[in-house]
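Presented below is the structure to which this report refers.
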Amino acid sequence: MFYGNIGSKERLDFTVIGPAVNEVSRIAAMCRSVDQPLLVSSAFAVAMGETRSRLVSVGRYALRGIGRPQELFTVGATSSFSAGLLGALLLLDLVLPRRLFCRALCPAGALANFLRTRRTLRISSEPARCSCADRPSCQAACAWGVDPRRAGRFDGCTMCLACLDACPAGNLTVTHHPP
């Protein structure tokens with residue numbers, strides 16, 4: 001599996017590619033077919049160890065582009081504590097900074113944010129050329145809600161560069177800074 005900025009000098013997209021990503025995409029697409037909000041693979045179920053007993057098999061399915069049928073699992077009955085905890089996390093997500101869980105608490109997001117802080121590409125802006133209001137189009141285009149005009153080192157920017165395409169004044173530029 002590979003992740004990073006992929007594309008040309010004019011347009012880069014931050015993405016993740018590889019067989020594992022394709023498999024996860026196919027499993028996620030099966031959620032609607034089996035009427036379950038969450039599905040996990042048998043490999044994930046095995047990795048859960050003792051907590052695997054909370055998973056319930058929904059059957060074996062042939063996934064498009066995957067060579068072998070996969071047994072898929074979903075979460076069985078949840079305790080009221082688990083449901084309350086999930087509800088509390090969802091409420092906190094509405095109040096706290098955008099996608100805080102993804103950027104700081106999720107191991108993959110925290111690692112990506114840490115690696116991003118050593119980036120050599122940075123987005124720069126010239127305040128005099130910016131004619132945007134409080135919520136500029138470059139910030140609205142950002143999946144993380146980062147305002148690139150005021151972005152800091154630990155802001156959560158993944159350098160997808162969607163803000164450059166959305167800037168009507170062409171105010172944003174990408175500059176190279178050695179690590």
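The values are calculated or read from the model by the stated rules, or taken from the named source; none is laboratory data. All of these numbers come straight from a predicted model, not from anything done at the bench. Note: ideal-geometry Cβ built from the backbone for every residue, glycine included; neighbour counts use all protein chains shown.
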Single unsatisfied condition, Met1 versus (1) surrounded by 12 or more Cβ atoms within 10 Å (Cβ to Cβ); (2) touching a Gly at 6+ places or on another chain (Cβ under 8 Å): (1)
Residues of segment 160-176 that turn out to be under 18 Å from Thr15 (Cα atoms) and either crowded, with 17+ Cβ neighbours inside 10 Å or β-branched (Val, Ile, Thr) (or both), as a count: 5
So Arg122, is it at pLDDT below 80, under 22 Å from Ala151 (Cα atoms), outside any loop (DSSP other than H, G, I, E, B) and not hydrophobic (A, V, I, L, M, F, W, C): yes
Residue that is at pLDDT below 80, crowded, with 18+ Cβ neighbours inside 10 Å and not basic (Lys, Arg), where the choices are Ala108, Ala112, Ala143: Ala112
